[in-house]
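Reading through the structure tokens given below for one structure.
The values are calculated or read from the model by the stated rules, or taken from the named source; none is laboratory data. Note that the structure is predicted; figures quoted are calculated from it, not measured. No Cβ is skipped: glycine too gets one built from the backbone with ideal geometry, and neighbour counts run over all protein chains shown. What goes into the accessible areas is simple: the full protein's heavy atoms, side chains included, and nothing from ligands, DNA or RNA. Shrake-Rupley method; radii C 1.70, N 1.55, O 1.52, S 1.80 Å.
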Amino acid sequence: MKKILYLFFAIFVTAIFRVSNAEETFSCSIEKQKGNYLRIDEPVYDTDDEIIVPQSEEYYMREVQQAFIFDYFYSKQQYDDNGNKMDLGTNILQIPLRRIDEKREISKAGNFYYYNFTITLHCNNDDTVDTHTFVPIIDTNNHGPFFGKPKYTYNLISSYAEDFKRQQLLNPIIATDYDVTNTAVKFNIEENNHFDIMYNGIVPNSLNKQHYALLTPKIPGKPITDKIEVIVTVTDMGFPSRSNVTKVEINPPSPPMPIFKSPFYVGHYYKNHTFVMHDNLELEEGCTFYSTTVEILVEDMRCQIFYATIVKDEIIINKSSKEYVNNFYEENYTVYKLKAKYTNPITNLFTVGTATFILEHHHDL
Ligand SMILES: *[C@@H]1O[C@H](CO)[C@@H](O)[C@H](O)[C@H]1NC(C)=O
Ligand SMILES: *[C@@H]1O[C@H](CO)[C@@H](O)[C@H](O)[C@H]1NC(C)=O
Ligand SMILES: *[C@@H]1O[C@H](CO)[C@@H](O)[C@H](O)[C@H]1NC(C)=O
Ligand SMILES: *[C@@H]1O[C@H](CO)[C@@H](O)[C@H](O)[C@H]1NC(C)=O
Ligand SMILES: *[C@@H]1O[C@H](CO)[C@@H](O)[C@H](O)[C@H]1NC(C)=O
């Protein structure tokens, strides 16, 4: 494998050398430099270990006063403690090949990866020569991809698919993979009836390390009416490949909670079984915007004696003609619970609000 990579590299670099004018002579040079290109044969390895073989290559410099390497490979020896450029005072250039910096961009030719940096030579005759330098990289898949969040939650304000699409743009699902040779990842979604997943490109300015996933509806335009929870997997392209997961939760919209205008309502019951209420019940948003129902409960059971009827925006409590309040003389009043329910007709999601209904027993009238 390594030999094949070398071969690719050799072919690639030879191509570059051929393009450059190898005949051209420069005022100064580094050993093994061809034209103004230098190929370093010893590759940088990326392994699971923190530190890479700290090899350093030495090159003999001809007619060079100073050499500066403007890259992550730069040799500290060329800067003094104040960060000023220093005269090496020798005609040996040391290029320490450091550990791979997985957060930096690398160059690629076919399936082959390399670092590409420039060494600037200041020649004795004051010319400068930029020497384009190439170092092959042997990468291993020592980073697993991971998602930005362990769980992505989308609380929809509308059941239209466009709302979910908009929310995905605002809060995108992103997977990161730091491996230098990472160029893409694959996304998979757990089997479900609602969404497929697609790779949606590289996050700009992420040095190819971050990738967007996009959930797309299986049936375009279908409203989102159920709560959906799916596991999404990201897999990198390494050998062997590595994976990680996140959970995506999509909550379709719920209506607001119904609120009674008054926390309690009073009804009057007389010994001749006449029932009178002076005020009807009202909800803050009215009863017509959502599908509204109101129940009267006694100890969480449906009350047999009273029932609520919605007339336009008001709720009227009526007494059933056959039923009577049978603890009329034992108690001075009875407490009932009023339960209003808003239901979103598309999603069938509902919310509940309550108030108290107090029935006064008028024993003496
Ligand atoms: C080397 O890197 C520079 C910038 O970093 C880029 O412009 C140039 O195309 C690269 N050359 C090769 C041969 O990869
Ligand atoms: C998945 O990613 C999380 C960080 O987001 C990490 O803690 C966890 O170890 C990863 N799991 C695997 C199997 O790589
Ligand atoms: C409820 O009672 C009111 C009078 O308070 C009456 O007008 C209305 O018809 C009754 N509604 C039902 C459904 O019984
Ligand atoms: C009902 O009210 C009367 C008079 O205020 C009181 O004497 C009686 O104890 C009350 N009954 C109950 C069950 O609370
Ligand atoms: C029942 O009694 C109340 C209070 O005394 C009275 O206002 C009402 O008219 C009576 N209803 C009937 C049907 O007699």
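Give the number of residues within the stretch 230-241 that are open to solvent by 60 Å² or more (accessible area, probe 1.4 Å) and at pLDDT 95 or above.
Residues meeting the conditions: 1.
Cβ contacts < 9 Å: first residue under 23 Å from Lys165 (Cβ atoms) and within 16 Å of ligand 3 (Cβ to nearest atom), restricted to the stretch 241-254; second residue modelled with pLDDT of 95 or more and in a strand (DSSP E or B), any location; separation 6+ or different chain. Result?
none
Name the single residue, out of those in the stretch 127-139 being in contact (Cβ under 8 Å) with a residue 24 or more places away in the chain and open to solvent by 60 Å² or more (accessible area, probe 1.4 Å), that is nearest to ligand 2 (Cβ to nearest atom).
If we take residues in the stretch 127-139 being in contact (Cβ under 8 Å) with a residue 24 or more places away in the chain and open to solvent by 60 Å² or more (accessible area, probe 1.4 Å), then Asp130 is nearest to ligand 2 (Cβ to nearest atom).
Kindly provide the set of residues from the stretch 288-323 that are within 15 Å of ligand 3 (Cβ to nearest atom) and open to solvent by less than 50 Å² (accessible area, probe 1.4 Å), ordered by number.
Listed by number, the residues that qualify are Val294, Ile296, Cys303, Ile305, Phe306, Ala308, Ile315, Ile317, Lys319, Ser320.
If I filter the stretch 243-251 for residues that are in contact with a helix residue (DSSP H, G or I) (Cβ under 7 Å, 6 or more places away or on another chain) and either open to solvent by 10 Å² or more (accessible area, probe 1.4 Å) or of a type in the set (Asp, Glu) (or both), do I get at least one hit?
Looking through the stretch 243-251, none of the residues is in contact with a helix residue (DSSP H, G or I) (Cβ under 7 Å, 6 or more places away or on another chain) and either open to solvent by 10 Å² or more (accessible area, probe 1.4 Å) or of a type in the set (Asp, Glu) (or both).
Could you list all residues from the stretch 331-363 that are out of contact with any His (no Cβ under 9 Å at 6 or more places or on another chain), part of a loop (DSSP other than H, G, I, E, B) and without any contact (Cβ under 8 Å) to a residue 40 or more places away in the chain?
Those that are out of contact with any His (no Cβ under 9 Å at 6 or more places or on another chain), part of a loop (DSSP other than H, G, I, E, B) and without any contact (Cβ under 8 Å) to a residue 40 or more places away in the chain: none in the stretch 331-363.
Filter the strands (runs of 3 or more DSSP E) completely within the stretch 115-228 down to those with at least 2 residues that are among the aliphatic types (A, V, I, L, M) and at pLDDT below 90.
Passing ranges, in order: 128-138.
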